[in-house]
Amino acid sequence: MAHVGIIMGSKSDLPIMQEAATILKELGVSYEINVVSAHRTPELMFDYAKNAHTRGIKVIIAGAGGAAHLPGMTASLTPLPVIGVPVKSSNSIDGWDSILSILQMPNGIPVATVALNAAKNAGILAAKMIATSDEALLQRLSDYMESLKNAVIESAKEVKA
């Protein structure tokens, strides 16, 4: 059973959104991944958002470019936390349209928003949300953070040498 649902508005978003899947796999968090367009398949988006929690999904990561309605519309339909990933797409206004579409949600319909193309951070944030009730995952996240620290320390030694 998947704990994180990763959805994107178009297959062209997959290279970015795959980064969320990769870090979730590394952290041992189950996920599913799918294309669900807010504009081209609204019925599918409604069904996905309204029923994800009944299938065991705990967090939804939604990535979209351009007008980027997928994260916000998904959040309006689900009781689950939604993390939006603005994707810089070919029809984008340098990514700003996506960022603002996801970030500027009305009160009552929050979407946690990561940086442009930062699906990896969305995966980490989803894992942290789930780790509030999963001690083993919390430890894996602590170990991951320690590995980041150690990588910086090693880089500093290389620079000094």
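Listed by chain and number, the lysines whose C-alpha is less than 20 Å from the C-alpha of K58, apart from same-chain residues fewer than 8 away, are K25, K50, K120, K128.
Given the options S12, S133, S89, state which has the largest fluctuation in a GNM of the chain using a 10 Å cut-off (strictly under) for Cα springs. Comparing S12, S133, S89 in a Gaussian network model of the chain, the most mobile one is S133.
Taking the chain as a Gaussian network of alpha-carbon nodes connected by springs under 10 Å, the highest mean-square fluctuation of the residues P106, P79, P42 belongs to P106. Taking other C-beta atoms within 10 angstrom as a stand-in for reagent exposure, H3, H39 fall in the order H39, H3, fewest first. Build a GNM of the chain with springs between Cα atoms under 10 Å apart, and of M73, M145, M17 the one that fluctuates most is M145. Using the Cα gyration tensor of the chain, with a ≥ b ≥ c the square roots of its eigenvalues, what is the shape: rounded (a/c below 1.5), prolate (a/b larger than b/c) or oblate (neither)? Since a/c reaches 1.5 but b/c is at least a/b, the shape of the chain is classed as oblate. Put in line by how crowded their Cβ is, counting other Cβ atoms within 10 Å and starting with the fewest, D13, D47, D143, D97 read D143, D47, D97, D13. Relative to the dominant Cα principal axis of the chain, helix 119-131 is inclined by about 80°.
Across the chain, the relative contact order, built from alpha-carbon pairs under 8 Å that are at least six residues apart, equals 23 percent. Here K25, K58 are placed in order of increasing Cβ neighbour count within 10 Å, fewest first, which gives K25, K58.
Each reported figure results from applying straightforward, stated rules to the coordinates on display, with no laboratory input. Remember, predicted model here, so these are calculated numbers, not experimental data. Neighbour counts are summed over all protein chains in view; Cβ atoms, including those assigned to glycine, are modelled from backbone coordinates with ideal geometry.
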